[in-house]
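To start, the structure itself, in structure tokens.
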Amino acid sequence: MQDVEVPAQVDIASERGARPVGLLGARELRPVVVIVAFVVAIVLGLGIGFATADRDHSAGDTATGQTPAAELSPVQGTPSWAATRSPGAAHQMVLNSEPNPAALRLALQFTVAAEIKETDPSTTVTAAQVTVVEGMYFGAVEGVDAAQDQYWAIGRINVAGVASPPADPHVWRRIGSGPWTIVSHGAGACDSIPKALVDVWKGSLQPCIGA
């Protein structure tokens, strides 16, 4: 029988089998890894984009929801200590010396009406139904600058048409030109008043008596 000479061929299977296993896996898997990484990058990018958009939207809603009513920030006069500051010093102030005493009282009324509505969303109470009883105390504690000045008011209230209004006394505070807010009310509320201010008021705060 005549021998048949087979032309030399490249043995692909043998060559592949002779390659190091690690090199084979790296070369064959590299395209897959690149594709997977690309897809993951896109997904992460979209996720971060949506998350950022949601946070920005929420922040905008929160800022809008927390915007205080203009009535809470009445115009106030230039304090006597504006030119010569002594941070921490307290001053007794006269409500009627303010540019608009009625506006200041209205700001305090707004805080009370807002608190009642927060407790009972179904109520229709308005600031006009709230009265800050005569005899309230008004004072301030100097800050390092005008933005840090603290204005305080202590008094009692009446609320027309509300059977159980928030308990007295009420302690309000305003920082700089910001809105008036209720610091505390009811038993122990006067404990939140700065000692320096209590000393200026000679320690006898009529609205706090009996609280």
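Within segment 128-141, if we keep just the residues that are surrounded by fewer than 19 Cβ atoms within 10 Å (Cβ to Cβ) and in contact (Cβ under 8 Å) with a residue 12 or more places away in the chain, the residue that is nearest to LYS195 (Cα to Cα) turns out to be GLY135. Candidates VAL144, VAL162: the one that is over 21 Å from VAL198 (Cβ atoms), open to solvent by less than 50 Å² (accessible area, probe 1.4 Å) and not aromatic (Phe, Trp, Tyr) is VAL162.
Note on segment 158-211: residues that are among the basic types (Lys, Arg) and closer than 21 Å to PRO74 by Cβ amount to 2. Among the numbered conditions (1) modelled with pLDDT of 95 or more; (2) among the aliphatic types (A, V, I, L, M); (3) crowded, with 18+ Cβ neighbours inside 10 Å, the only one that ALA167 does not meet is (3). State whether the residues of segment 175-182 include one that is in contact with a His (Cβ under 9 Å, 6 or more places away or on another chain), modelled with pLDDT of 95 or more and open to solvent by less than 50 Å² (accessible area, probe 1.4 Å). Yes: segment 175-182 contains one or more residues that are in contact with a His (Cβ under 9 Å, 6 or more places away or on another chain), modelled with pLDDT of 95 or more and open to solvent by less than 50 Å² (accessible area, probe 1.4 Å). Quick check: is even one residue across segment 115-122 touching a residue at least 24 places away in the same chain (Cβ under 8 Å) and assigned to a loop (DSSP other than H, G, I, E, B)? No, segment 115-122 contains no residue that is touching a residue at least 24 places away in the same chain (Cβ under 8 Å) and assigned to a loop (DSSP other than H, G, I, E, B). For segment 77-105, give me each residue that is among the aliphatic types (A, V, I, L, M), touching a strand residue (DSSP E or B) at 6+ places or on another chain (Cβ under 9 Å) and either within 16 Å of GLY176 (Cα to Cα) or not in a loop (DSSP other than H, G, I, E, B) (or both). ALA89, ALA90, MET93, LEU95, LEU104 - these are the residues of segment 77-105 that are among the aliphatic types (A, V, I, L, M), touching a strand residue (DSSP E or B) at 6+ places or on another chain (Cβ under 9 Å) and either within 16 Å of GLY176 (Cα to Cα) or not in a loop (DSSP other than H, G, I, E, B) (or both).
The values are calculated or read from the model by the stated rules, or taken from the named source; none is laboratory data. Nothing here was measured: the structure is a model prediction, and the numbers come from that model. Every residue, glycine among them, receives a Cβ derived from its backbone with ideal geometry; neighbour counts consider all protein chains shown. Areas reflect the complete protein model, heavy atoms only, side chains present, ligands, DNA and RNA absent. Shrake-Rupley method; radii C 1.70, N 1.55, O 1.52, S 1.80 Å.
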